[in-house]
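Step one of this worksheet: look at the structure below.
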Amino acid sequence: MSASIRFLMCSPHHYDVDYVINPWMEGNIHKSSRDRALEQWQGLYQIIADHATVDLIKPQPGWPDLVFTANAGLVLGDTVVLSRFFHPERQGEEPHFKTWFEEQGFTVHELPKDLPFEGAGDALFDREGRYLWAGYGFRSELDSHPYLAEWLDVEVLSLRLMDERFYHLDTCFCPLTDGYLLYYPPAFDSYSNRLIELRVPPEKRIIVDEPDAVNFACNAVNINRIVIMNRASDSLKQQLAHVGFQVLETPLDEFLKAGGAAKCLTLRVTEPVLTEKVATVAYESRTIKLEGHLLDSGLINRALDVITDGGGSFQVLNFDLGVQRQSTSRAEVRVSAPSHSIMEEILSQLIDLGAIANPREDQDVATEVVVKDGVGPDDFYVTTIYPTEVRVNGDWIRLQGQRMDGAIVVGENAEGAIARCCLLRDLKEGDRVVVGVDGIRTVRKAEARDQRSSQEFSFMGAGVSSERRVELVVEQIAWELQKIRSQNGKVVVTAGPVVIHTGGGVHLSRLIREGYVQALLGGNAIAVHDIEQSLMGTSLGMDMQRGISVRGGHRHHLKAINIIRRAGSIAAAVEQGILTSGIFYDCVRHNVDFSLAGSIRDDGPLPDTQMDLIAAQADYARLITGADMILMLSTMLHSIGVGNMTPAGVKMVCVDINPAVVTKLSDRGSVESVGVVTDVGLFLSLLVQQLDKLNVPQAVR
Ligand SMILES: NC(=O)c1ccc[n+]([C@@H]2O[C@H](COP(=O)([O-])OP(=O)(O)OC[C@H]3O[C@@H](n4cnc5c(N)ncnc54)[C@H](O)[C@@H]3O)[C@@H](O)[C@H]2O)c1
């Protein structure tokens, strides 16, 4: 027995499953046997007493979980950080543990109220005493970690728990003697797994698989080379034996009903203090401001989800609720993250939602100079579709050429500082590129109540009276097309070949002829199919009138390409009288610019198809500039491409039969995008009908 090692335990005289605060307790209320629990606890007590000294705390009626002494607090030397339980069901244990620690002469630190931390259940020393692994995500708050670092003078490594079954760190993670680690990786997020891998070399990591994990093999007590646990598979025992550990099994299934086992039932109260003081924690915290229809539009929920999903934690410092329906609300939220990189990741997403990352008014953007053409600094800020402003020399300036997935280059001209969006490939040596998230804000239109939920209209889907809803959205689009035309605005259409197969070509032609379309974007296919239909009456060999395939019709496709190649271009074929109808004929005749971007699937291609993709992207960008509306008609590839280069503020209408495509395209968080799930041919025919109605002269009406 090693007298220098001491544990605190509590007999299960009042143990039972009285409530549900973890998934293990579900269905187990009052299903545990006190006698069996006592017997099992004594089994564990005996084994531990054979190898260490055991102190006891008096069980208390009404506090069934007091038996899990691991949650009393976290001890190092003669200092203890007392637990602050997350659930009210356990908060009454705190004074009992506090009294015990004080009676033993410990210096007791207490965390601020409302800052949960569940002791050695969520904080485990590396057995060499080099650092403290601290869990968060379910019970303990990340914000408690800096206190642990300060009070215990240790380096704290924060680990985020992801699986509710492993709600405390000690249920899935057990540091062992000599720097070994027994753990269940799926219980952690990827950042935490990376951190573990950085600190613990592969030969020291003993990975537990799910069957052992759910038997609480990681909830083990380690005393030198002995590992005491509820149950272990033969392979785990062998693995541990291989590196010099002996497993002692002792059944604890009565306690598993409450979500605890060997480690939970004990608290090691002798943890050696390292002489070298290293109080550090990678933890960071920042305050953000959010303004808008925070509740109605769900913005506050989304912001808080971004923080927790990203691995951070938050505290709402202020919330000013707008009192009128139209008035906006304001919130100030403190965001904390376990590392600088996670903080930046979370903050950039919050900036997308319109948050200001640093409400301090004195923060300019940080920049780094490009040292190689076409390559940005590591930490460059990635732009979004939202109008963005950066703070340079104390002034907020609007970005030029806003688009998604670019970098921000800051420079000077005669009038002062300027900032522009720049694709990575266009960066030049010497450019000053914005890094980090300071001094950046996006300007977003306030989203109104239920605005987001009404953005998708389903026609083919099983929605209630969805047919009428598509008609309604078509009415609105027709009205806007009409308005844009009367104001000499710009409508850009992106179209895929399905427009032709579904008989929508004639309608699109009409829109072009009648001046509703100012530019057409697509791939090789839409043009080939349109021209094939115009020259031969088929589309990919299908007779468009009769809806049947024509013998040898598949050759039509290549013949159409060949004819245009011979003419030199689509425009030349029109001039030579070869092409006399169709979408592209109308584009040429009515001076509507079009751009065809090539792809690996393309047959031919047509001479007009731009196979240099960088040139094609530039051409698309040129044609999109100044658009008031973009109609995306059944082409995922080209629509996504266009979506990425379009700034917020341009109305986008996406029509596709596949709801997933519509969601992907309209889910840019932009209030201006509308998705319509329907057949594109039908959509176009409804649209021209509606425009006809709008154009009926007053007298006739
Ligand atoms: N012969 C050729 O050269 C040839 C042929 C086909 C495609 N391509 C090229 O391949 C690339 C991708 O082609 P794409 O744009 O056709 O494919 P895509 O997969 O990007 O998009 C087709 C979209 O149409 C939707 N759709 C299907 N039926 C519909 C209907 N009835 N109503 C509404 N939506 C419907 C689908 O859900 C899908 O999202 C393009 O660049 C294209 O030019 C070339």
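Read-outs: derived from the displayed coordinates by stated rules, not from any lab. Please read these numbers as outputs of a predicted model, since none were measured by experiment. Backbone-built Cβ (ideal geometry, glycine too); neighbour counts: all protein chains shown.
How would you order 90-102, 160-172 from highest to lowest mean count of nearby Cβ atoms within 10 Å?
Per-residue mean Cβ counts within 10 Å order the peptides as 160-172, 90-102.
To the nearest 500 deg cm²/dmol, what mean residue ellipticity at 222 nm is calculated for the chain from DSSP H runs of n ≥ 4 alone, each contributing -39,500 (n - 2.57), summed and divided by the residues?
-9000 deg cm²/dmol
Out of every Cα pair in the stretch 6-281, what percent are spaced more than 33 Å from each other?
Tail of the P(r) past 33 Å holds 12 percent of the pairs.
For the ranges 280-289, 116-125, what's the packing order if you count other beta-carbon atoms within 10 Å of each residue, average per peptide, and put the highest first?
116-125, 280-289
Indicate, rounded to the nearest 5 percent, the antiparallel portion of the DSSP beta bridges found entirely in the chain.
The antiparallel proportion sits near 55 percent.
Just tell me which lysines come within less than 28 Å, Cα to Cα, of LYS372; anything on the same chain fewer than 8 places away is out.
LYS428
Taking the alpha-carbon centroid of each part, what is the distance from the stretch 240-303 to the stretch 194-224 in angstrom?
14 Å
Hand me the trypsin sites (Lys or Arg not before Pro) from the stretch 1-69 located in a DSSP loop with no more than 12 other Cβ atoms within 10 Å, in residue order please.
LYS31
DSSP loop (so not H, G, I, E, B), at most 14 other Cβ within 10 Å: list which GluC sites (Glu not before Pro) in the stretch 298-362 pass both filters.
GLU361
How long are the semi-axes of the ellipsoid equivalent to the chain, from square roots of 5 times the Cα gyration tensor eigenvalues, in whole Å, largest first?
Equivalent ellipsoid semi-axes, largest first: 64, 28, 25 Å.
Loop-only trypsin sites (Lys or Arg not before Pro) in the stretch 488-563, please: DSSP not H, G, I, E or B, and at most 16 other Cβ atoms within 10 Å.
ARG546, ARG551
For the stretch 242-378, what Kirkwood radius comes out of the mean inverse Cα-Cα distance, in Å?
19.6 Å
What is the gain in length, in nm to one decimal, between LEU56 and ARG546 on full extension, counting 0.36 nm per residue of separation less the C-alpha to C-alpha distance?
Here the answer is 167.5 nm.
Across the stretch 6-281, how many lysine pairs, 8 or more positions apart or on different chains, have C-alpha atoms separated by under 28 Å? Please give the number.
Count of close lysine pairs: 19.
Assuming R0 = 35 Å, what is the FRET efficiency of ASP593 and ASN562, from their Cβ-Cβ distance, to the nearest 0.05?
0.90
Treat each spin label as a single point 7 Å out from the Cα along the C-beta direction, and report the GLU203 to ASN488 distance in nm.
7.8 nm
If you place +1 on the Cβ of every Lys and Arg and -1 on the Cβ of every Asp and Glu, how big does the dipole about the Cα centre of the chain come out, in debye to the nearest 20?
Dipole size: approximately 2360 debye.
For the stretch 457-695, how many pairs of lysine residues have a Cα-Cα distance under 29 Å, where the two are 8 or more positions apart or belong to different chains?
8
On the first, second and third principal axes, largest extent first, how far apart are the outermost C-alpha atoms of the stretch 483-635 in Å?
48, 33, 30
Assuming R0 = 51 Å, can you tell me the calculated FRET efficiency for the pair GLN400 and ALA241, based on Cβ-Cβ distance, to the nearest 0.05?
Efficiency for this residue pair is about 0.15.
Please give the Cα centre distance for the stretch 323-388 versus the stretch 596-636, rounded to the nearest Å.
First find each Cα centre; the distance between them is then 32 Å.
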